[in-house]
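Enquirer: Starting off with a structure, shown below.
Just so it is clear, none of the values below were taken in a lab; they were calculated from the coordinates. Only a predicted model underlies this, so the values are computations on that prediction, with no experimental measurement involved. Cβ atoms come from the backbone with ideal geometry, glycine included; neighbour counts cover every protein chain shown.
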Amino acid sequence: MAAAAVWTSSSHAQKPSMPVIGYLCPESPELFGSRLRAFHQGLREAGFVEGHNVAIVYRWASGQYARLPALAGELIARDVDLVVAPGGAPVALAAKAAGVTKTIVFEMGGDPVQLGVVDSLSRPGGNITGVSSLSVDVSPKRLELMQELLPAATTLGVVTNPTSPTAGSQLQRLHAAAETLGVHLKIFSASKAEEFESVFASVARESANALVFTSDPYFAFRSQRLADLAMTYGVPAITQTRDFPLAGGLMSYGGDFMQSHRRAGIYAGRVLKGEKPADLPVQLVTKVEFVINLRTAKLLGREFSPSVVSGADEVVE
C-alpha cells in the first residue's frame, strides 16, 4: 500500500520547472502495479525519475471505465505537459475525445488505426502516438490452443465484453477461425465482475466444453477472480494475460504487457525531451507469450501434449 500511496501523490510540492505527466489509468494502483513498474522502468531508461526530474499526476478509474472521460478532463485542467493513457483502447479513446491539446502516449492491445486513434502506424499524425501489442489480433489463436487441448470438443464458449470497442472485430475473427476448426461457438457476454459467475455456471448448461476469453483489459485485470471461478466450476479456460495461469487458471496467450508499458515509458521520456509525436511511429510489441499451468490441467483432468509444453514460454508446475 505504501507504493500505492506514492503513485497517488500529487505534484503540488514539486518545483515549478519540473515537467508533469498526467497518468490516466482504467484500474486501481493495486491491480495496475506490475504495469506501472514497467512504465517507470521505461521512464528511467529515457532519463526521468518521478520526484527527481518529473512529476506524475495520477487519475484512477478503478474499473469504472465510464469515468475515464471525466478523469481525462481533470488532467487537462491540471495543465499537464503530457497525458499517458495505458491499459487499452478505452483509455486512449477517452483521452483523445477529451480534446487533450498536449501530447498523448497510449498503450493498448488493439489496432490504433482501425480504432481511429491514429491515422497510420508510421505517421500517427496530430498529437498522439504510443505502443500496441496487437493482442486483439491473436484471439483466434486462443481458440486453436483450446481446440488442440480438447480435440473432441464440438462447442467452445467465447466470453466477450460488449462495451469494448474491439469486441466486434474479435468476434468476427473468432467465428472465421471456428469455421476453419470445425467447432461451434457459444457467445457469452460480461462487462461487470458480478456477471462472471453466471457465465461459468452456464457453461455446462449450454453444452460448451471450455471458455475462450477475448482480449479485453477488464478481463485481464480480474485474472484471480476468473481463475477461482474456473476451478470452482471445473471449466478449462484461456485468457490473454499470464496473470491468469499464474493465479491458477489453465493457460494464456497474448502480448507481452511488460514490454508495451516499458516502451510507453520510454516514449513519454522522449516526448518530454522535445520529440514530436508526429515523428514517433506507433511501436508494435510483436512478442506474444504462451503460459500454461500443469497443476491446473491435472486438476481439470486434462493433459497438455509434449509439443505444447515445450512450446510454452512459461510452465507453471
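Enquirer: May I ask you to evaluate 6.51 cos²θ - 1.76 cosθ + 1.60, the Karplus curve with θ = phi - 60°, for each residue of region 114-130 and list the ³J(HN,Hα) values in order in whole Hz, giving x for glycine and proline?
Expert: Ordered by residue, 3J(HN,Hα) equals 4, 7, x, 7, 10, 6, 7, 6, 6, 10, x, x, x, 10, 9, 7, x Hz.
Enquirer: Mind listing the phi-derived Karplus ³J(HN,Hα) values for region 30-36, rounded to whole Hz, using 6.51, -1.76 and 1.60 with θ = phi - 60°, and x for any glycine or proline?
Expert: Ordered by residue, 3J(HN,Hα) equals 5, 6, 9, x, 5, 5, 5 Hz.
Enquirer: Now for a different question. How about region 182-233: which GluC sites (Glu not before Pro) there are in a DSSP loop, with at most 13 other Cβ atoms within 10 Å of their Cβ?
Expert: Details: sites: GLU194, GLU195, GLU197, GLU206; in loops: GLU206.
Counting only loop positions with at most 13 other Cβ atoms within 10 Å, the GluC sites (Glu not before Pro) in region 182-233 are GLU206.
Enquirer: Can you compute the charge dipole magnitude of the chain about its Cα centre, using +1 on each Lys and Arg Cβ and -1 on each Asp and Glu Cβ, nothing else charged? Give it in debye, rounded to the nearest 20.
Expert: Roughly 480 debye for the chain.
Enquirer: Mind listing the long-range amide H neighbours of PHE106? Cut-off is under 5 Å, sequence gap 5 or more, other chains count too, H placed in the peptide plane at 1.01 Å from N.
Expert: Excluding prolines and chain starts, which carry no amide H, the hits are ALA85, THR129, GLY130, VAL131.
Enquirer: Right, here's the next one. Based on the Cβ-Cβ distance of GLU314 and LEU284, what FRET efficiency does E = 1/(1 + (r/R0)^6) give at R0 = 30 Å, to the nearest 0.05?
Expert: Given R0 = 30 Å and the Cβ-Cβ separation, E is 0.85.
Enquirer: Compute the distance in nm between two label points, each set 7 Å from the Cα along the Cα-to-Cβ direction, one at ARG302 and one at GLU275.
Expert: 4.1 nm
Enquirer: Could you tell me the calculated FRET efficiency between ALA70 and LEU121, based on Cβ-Cβ distance and R0 = 35 angstrom, to the nearest 0.05?
Expert: Once the sixth-power term is evaluated, E becomes 0.75.
Enquirer: While we're on this one: Just checking my list (i) 84, 41, 30; (ii) 60, 50, 32; (iii) 64, 40, 35 against Cα extents along the principal axes in Å computed from this structure; which label fits?
Expert: (iii)
Enquirer: 5 Å is the cut-off here: which amide hydrogens, built 1.01 Å from N in the peptide plane, fall below it relative to LYS186, excluding neighbours closer than 5 in sequence?
Expert: Here the answer is LEU156, GLY157, VAL158, since their amide H atoms fall under 5 Å of that of LYS186.
Enquirer: Which ³J(HN,Hα) values, rounded to whole Hz and listed in residue order, are derived for region 231-244 from phi using the Karplus coefficients 6.51, -1.76 and 1.60 in 6.51 cos²θ - 1.76 cosθ + 1.60 with θ = phi - 60°, glycine and proline given as x?
Expert: 6, 4, 9, x, 10, x, 9, 9, 10, 7, 10, 4, 4, 5
Enquirer: Could the peptides 299-308, 275-284 be put in order, highest first, of the mean number of other beta-carbon atoms found within 10 Å of their residues?
Expert: The densest-packed peptide leads the list: 275-284, 299-308.
Enquirer: Out of VAL288, VAL113, VAL105, any idea which swings most in a Gaussian network model of the chain, alpha carbons joined below 10 Å?
Expert: Among VAL288, VAL113, VAL105, the largest mean-square fluctuation in the Gaussian network model of the chain belongs to VAL113.
Enquirer: How many angstrom separate the Cα center of region 149-203 from the Cα center of region 215-250?
Expert: So the two Cα centres are separated by 14 Å.
Enquirer: If you don't mind, another one. What does the extension gain come out to for ALA77 and HIS52, with contour length at 0.36 nm per residue minus their alpha carbon separation?
Expert: 6.7 nm is the gain from fully extending ALA77 to HIS52.
Enquirer: Take peptides 212-218, 41-47 and line them up by average Cβ neighbours within 10 Å, highest first, as a rough protection proxy.
Expert: Going by the mean number of other Cβ atoms within 10 Å, highest first, we get 212-218, 41-47.
Enquirer: Ok, one more. Once fully extended, how much extra length lies between ARG205 and ALA152, figured as 0.36 nm per residue of separation less the alpha-carbon to alpha-carbon distance? Kindly include the intermediate steps, with their values, before the conclusion.
Expert: Details: separation 53, 0.36 × 53 = 19.08 nm, distance 1.81 nm.
Gain on stretching ARG205 to ALA152: 17.3 nm.
Enquirer: Quickly work out the ARG44-to-SER189 label distance, labels modelled 7 Å from Cα along the C-beta direction, and quote it in nm with one decimal.
Expert: Here the answer is 4.5 nm between the modelled labels.
Enquirer: Going down the list LYS96/LYS276; LYS102/LYS141; LYS96/LYS273; LYS192/LYS276, which pairs span over 26 Å between their C-alpha atoms?
Expert: Check vs 26 Å cut-off fails for LYS102/LYS141; LYS192/LYS276.
Enquirer: Sticking with this one: Have a look at ASP111, ASP79, ASP256 and tell me which one the Gaussian network model of the chain (Cα, springs below 10 Å) gives the largest fluctuation.
Expert: Its mean-square fluctuation being the largest, the pick is ASP79.
Enquirer: Only sites in a loop by DSSP and with at most 13 other Cβ atoms within 10 Å count here; which trypsin sites (Lys or Arg not before Pro) in region 93-202 make the cut?
Expert: On the way: sites: LYS96, LYS102, LYS141, ARG142, ARG173, LYS186, LYS192; in loops: LYS102, LYS192.
Filter output for region 93-202: LYS192.
Enquirer: Could you please state, rounded to a whole Å, how far the C-alpha centre of region 60-114 is from the C-alpha centre of region 253-279?
Expert: One Cα centre to the other: 15 Å.
Enquirer: In addition: Report, by chain and number, residues whose modeled amide H sits under 5 Å from the one on SER62, excluding near sequence neighbours (fewer than 5 apart, same chain).
Expert: GLU27, SER28
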